[in-house]
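Take a look at the structure below.
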Amino acid sequence: MYSWSASFIRRCVSNILGGLCDGLTHFSGTSRAAMVMALKRDSPMQICDPQGLLKGHQPIFKSLYLDNQNWRRAERVPDKYDNFADIIQVKDPGLAGLVSSGGYSSSIFFQQWFTEHHADMCSTGPTECWLEYAVWLLSNDMANNSDFYSSISGNFLKEYATHAVRDHIIDQMNRLLGWDTPLRIYPVLDALLIISETHEEGSWPIGKLLFIDPNTVDQLDFLVRFQDNMRPRLIHYKHVRKLLLTVEHANRYLVSDGQSILGICTDTHLPIFSLCADYRGKYGFVRINGEAICSFSEGRFNSTSYHATLVQLEELLLEYPLDHETAFGLYQIVIALVRHAQERKHGSTIILDLNPTPMPISGQILRPPLDLRQPYPLSLAKSLAKVDGALQIGADQHLHGFAWLLDGKAFPGEELARGARYNSALRFTAENRNVIAMVISSDRPVSVMYQGIDFCAATPWGQRQGSVYPLESFEEWVNR
């Protein structure tokens with residue numbers, strides 16, 4: 001029978017929570033984590049949420065775990081104390097804005113881990129695998145007890161990005177192909193990243209590299225098929241990078257079985273399972289059957305879809321005294337301008353001037369202003385956004401000026417590590433209350449600024465390296 005001290009339990013949970021937050025922050029942007037657990041079937045539930053991730057969800061947690069006790073009556077819970085690896089997974093409760101995974105085990109009767117569902121995620125699959133591994137590690141650590149506790153689980157989770165992507169791919173591949181397939185995913189992911197950083201005549205890779213199960217080769221429509229004894233090896237990364245030139249900006253794939261390059265095929269009649277490295281220059285996407293599961297850049301995997309969602313702008317517009325139709329129209333206009341700038345890889349600044357009469361700012365004034373609800377003026381605005389200076393869009397959804405020069409006095413909230421475009425917009429919003437600024441940088445996410453605050457900036461959640469976080473009564477937390 002397991003027996004633990006309260007101090008040991010806190011150390012185990014805190015170590016895993018810290019590593020989970022660090023790893024997910026590198027993968028998805030600033031991320032929090034939390035967990036709930038009951039050590040034994042009749043134990044009171046406890047919660048560890050040092051960063052306030054679950055705040056606001058108390059009513060639904062009360063209905064899930066206090067008002068309803070069915071989770072305590074789960075059957076088939078492992079009862080062999082030496083079989084900590086046998087985890088019975090539990091269903092994701094489907095809470096808005098959260099990704100979760102949990103399970104029952106012999107060492108911990110019930111545990112459920114949570115993290116943020118970022119709006120720009122390609123897929124939650126790798127993150128769910130990450131949380132599944134946290135469940136397994138805590139079960140493992142608690143089973144080992146304090147005499148054999150190594151405190152390295154957090155380090156595993158911090159560096160788990162590639163493994164999380166691989167685990168999700170394996171899950172999908174096994175579901176579609178079964179367990180017996182010769183396609184090995186780790187070598188494929190290594191090759192994918194190395195090729196992504198291999199330049200050809202100074203250019204980043206563009207094109208699609210398709211990986212398939214060797215047993216499904218005959219299902220492809222080949223345009224070119226290399227002879228068996230002349231196939232380039234996948235590990236010859238420079239050669240593969242050169243071959244990608246044959247599929248640049250085309251609806252065809254370079255095909256590999258995970259060992260060598262088989263040839264070039266069309267994008268029709270793909271097999272039941274295919275893994276694609278979709279190179280887009282400095283970044284790219286990993287796709288399963290055409291659906292992006294993650295992206296990659298600078299030699300590592302990320303969850304970002306590289307599509308601006310601007311949730312912060314949407315929330316600001318909803319809170320502002322605008323009618324719903326106007327707020328939605330302004331949001332759609334900004335999204336169109338931002339995505340065009342990101343696709344063309346140029347920086348830009350957009351000012352939403354929500355004053356009754358647009359402010360006079362130094363720049364090119366448009367008379368009459370352009371109605372951005374119409375396709376042609378919106379297309380023209382996309383081109384004007386390339387000019388140095390800001391676009392000024394009024395609450396009437398018209399473009400009133402471009403190449404506007406923003407100014408303002410220095411204040412403590414600015415970030416000197418960022419450029420002039422960023423800090424000029426930050427200062428401008430600090431001095432003018434009825435404006436929202438969007439700053440698009442060629443190498444950074446979009447910043448949404450209002451009243452001198454960047455709402456997209458990383459939030460310091462207060463996590464400290466090596467901290468031991470408190471476990472508190474779940475019932476007291478819910479009723480607080």
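Just so you know, in region 225-236 the residues that are hydrophobic (A, V, I, L, M, F, W, C) and out of contact with any helix residue (DSSP H, G or I) (no Cβ under 8 Å at 6 or more places or on another chain) include one that is modelled with the highest pLDDT, and it is Phe226.
Among the residues that make up region 426-441, is at least one of them touching a strand residue (DSSP E or B) at 6+ places or on another chain (Cβ under 7 Å), buried (at least 17 other Cβ atoms within 10 Å of the Cβ), of a type in the set (D, E, K, R) and modelled with pLDDT of 75 or more? No. A single member of Thr181, Thr198 is under 18 Å from Ser297 (Cα atoms), assigned to a loop (DSSP other than H, G, I, E, B), among the polar types (S, T, N, Q) and out of contact with any Ser or Thr (no Cβ under 6 Å at 6 or more places or on another chain), and it is Thr198.
Taking the condition within 24 Å of the chain's Cα centre (by Cα), of a type in the set (Phe, Trp, Tyr), modelled with pLDDT under 95 and over 22 Å from Ser28 (Cα atoms), does Tyr320 pass? Considered against the rule, which asks whether it is within 24 Å of the chain's Cα centre (by Cα), of a type in the set (Phe, Trp, Tyr), modelled with pLDDT under 95 and over 22 Å from Ser28 (Cα atoms), Tyr320 comes out as no. For region 248-276, a tally of residues being free of Cβ contacts under 8 Å to residues at least 60 places away in the same chain and among the acidic types (Asp, Glu) returns 2. Return the pairs, sorted by first residue and then second, in which the second residue is modelled with pLDDT of 65 or more and in a loop (DSSP other than H, G, I, E, B), the first residue lies in region 69-84 and is over 15 Å from Gly102 (Cα atoms) and acidic (Asp, Glu), the beta carbons are less than 9 Å apart, and the residues are 6+ apart or on different chains. Correct list of pairs: Asp79/Ser106; Asp82/Ser106.
Annotation note: of Leu189, Leu209, Leu223, the sole residue that is among the aliphatic types (A, V, I, L, M) and more than 32 Å from the chain's Cα centre (by Cα) is Leu223.
Taking region 105-151 as the range and being among the aromatic types (Phe, Trp, Tyr) and at pLDDT 85 or above as the test, the residues that pass are Phe109, Phe110, Trp113, Phe114, Trp130, Tyr133, Trp136. Determine the pairs where a residue that is assigned by TED's automatic domain parsing to the domain that holds Arg373, located within region 322-347, has a partner that is among the charged types (D, E, K, R) and assigned to a helix (DSSP H, G or I) with Cβ atoms under 8 Å apart, the partner being 6 or more residues away or on another chain. Short answer, once both residue conditions are applied: Tyr331/Glu314; Ala336/Lys382; Leu337/Lys382; His340/Lys382; Ala341/Lys382; Gly347/Arg421. Within region 259-267, can one find any residue that is in contact with a strand residue (DSSP E or B) (Cβ under 6 Å, 6 or more places away or on another chain), of a type in the set (Ser, Thr, Tyr) and more than 21 Å from Ile169 (Cβ to Cβ)? Yes, the conditions are met somewhere in region 259-267.
Inspection of region 237-255 finds a residue satisfying the criterion of being hydroxyl-bearing (Ser, Thr, Tyr), closer than 20 Å to Ala292 by Cβ and either buried (at least 16 other Cβ atoms within 10 Å of the Cβ) or modelled with pLDDT under 95 (or both). Quick check, is Ala161 out of contact with any Pro (no Cβ under 8 Å at 6 or more places or on another chain) and closer than 30 Å to Arg10 by Cβ? In short, no. Between Pro460, Pro470, the distinction of being within 28 Å of Asp22 (Cβ to Cβ), out of contact with any Leu (no Cβ under 7 Å at 6 or more places or on another chain) and either modelled with pLDDT of 80 or more or not in a loop (DSSP other than H, G, I, E, B) (or both) belongs to Pro470 only.
The values are calculated or read from the model by the stated rules, or taken from the named source; none is laboratory data. From a predicted model like this one, the values you see are computed outputs, not experimental measurements. Cβ coordinates were reconstructed from backbone atoms using ideal geometry, including for glycine residues, and neighbour counts include every protein chain displayed.
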